[in-house]
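Since the structure comes first, as structure tokens, the remarks are kept for the end.
Each value in this text was obtained by applying a stated rule to the coordinates, not by laboratory testing. The structure presented is a predicted model; accordingly, all values stated were derived computationally and were not measured. Every residue, glycine as well, gets a Cβ built from its backbone with ideal geometry; the counts of neighbours run over all protein chains shown.
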């Protein structure tokens, strides 16, 4: 399969897009100084909550992070080195932390202070045994390793030893920064860029294209150490790199609430704090099929679209898909089989929990970072996320009542009213507004300000 990883680096944001057969399948925006899983912090314990068996830790971000399973190891005021384990999808919750630090490489995950040697389950049993034996003699009793799948493709094990040396040196540098820092804050940058291109780098059918000279040099150096792998290309610095590929139009469609299917059916997407819901509708599907066969056909198409949407928008947690009702158990089994088949393509580890008696497909997906929607969009200032605005007539009534309250509180005089043209028209028609002196200006939702009274 032909794959292209496009890395568009800018001063305020680095955007990464993965295309498979010229179709956008993954998108990761990386913003400097925004917390991401894998980042390390110097923290200070604010308080220990014994009922939660956890500690709230100040890490220099807006909200304290939560470190679970602390037992009696930590107390208020203690300093600790912690790693971001998970980033919440809402602005009201802090980061989930862990003090079991892990440093990722291509051939291993280095676990300082956590003894134990493990190997990827994707390796054959023989290779797992060989990998564990090889790593065990190279680790101290205070170190741990998880040998990754790429170990199986190594013909020269010196690359494994060199990476272990590099990760030890990286850990030593992190400890020095931790001891030298004076206040809670981050010790490392986001690993998302590195982890993304390293996942694609071993693929000989892939191209990695970037407009950053620094990234091009770094990726090229790592590519040179591989016996085979992706082609690394440098685009002209500062060019509109994404404009060369079908990226932004696809992304814009994926962030809409309604997603159309090729058959004419559509999905309606609702994201809540607890879970994400997809509602499947047959819409404009005009295929001449029996109701059961049409429901099955639309559901199969919809579930494929849901799995692609989860991967592209990095949606994790609990996912509920309200399918069109199917009576045939074989059709339900076919939907679950397809989830297993297509879920293997997703690094987010999708699992099907079954279809309920109400026809709701239950899925879970591992959170791999902030959802794309929460990074690229913000709450509407008018509706605050409910998805609806006040009508012009309701807004006009609220403005009139706001003026009455201001007069009652002693703010008598002239007012400036910022509102839409539709609301301005209703204000001019409202006889009760004759009790107030005001000027109208075109604005967003609405604002009422007192003006100095000129006599």
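Between the alpha-carbon centres of the stretch 83-141 and the stretch 1-50 there is a gap of 19 Å. In the stretch 40-99, the DSSP beta bridges split such that about 95 percent are antiparallel, to the nearest 5. Here, P(r) means the percent of Cα pairs in each 20 Å bin from 0 to the largest distance; for the chain it is 19, 44, 30, 7, 0. Looking at the stretch 100-186, the DSSP beta bridges with both ends there are about 65 percent antiparallel.
If each DSSP helix of 4+ residues adds -39,500 (n - 2.57) and the sum is divided by the residues in the chain, what number results at 222 nm, nearest 500 deg cm²/dmol? Dividing the helical sum by the residues of the chain leaves -9000 deg cm²/dmol. Sorted fewest first by neighbouring Cβ atoms within 10 angstrom, 260, 171 come out as 260, 171.
Run through the DSSP bridge list for the chain and note the antiparallel percent, rounded to the nearest 5.
Numbers: 66 of 91 bridges.
Antiparallel: roughly 75 percent of the beta bridges in the chain.
Against the chain, whose longest principal axis comes from its Cα atoms, helix 329-343 is set at around 70 degrees.
Debye-formula intensities of the stretch 312-440, expressed as log10 I(q)/I(0) at q = 0.09, 0.19 Å⁻¹, are -0.56, -1.08 (one equal scatterer per alpha-carbon, no solvent).
The C-alpha atoms of the chain define a longest principal axis, and helix 291-313 lies at about 80 degrees to it.
Model label sites at residue 222 and residue 12, defined 7 Å from Cα along the beta-carbon direction, differ in position by 2.7 nm. All distinct Cα pairs of the stretch 40-99 go into the 1/r average, and the inverse of that average, the Kirkwood radius, is 11.2 Å.
For the stretch 392-451, the fraction of C-alpha pairs more than 18 angstrom apart is 22%.
In the chain, the longest principal axis of the Cα atoms and the axis of helix 125-136 are about 80 degrees apart.
Global size of the stretch 275-367: 12.7, 40 Å for Rg and Dmax (C-alpha atoms, Rg to one decimal, Dmax whole). Placing pseudo-labels 7 Å out from each Cα toward the beta carbon at residue 177 and residue 47 gives an inter-label distance of 3.1 nm.
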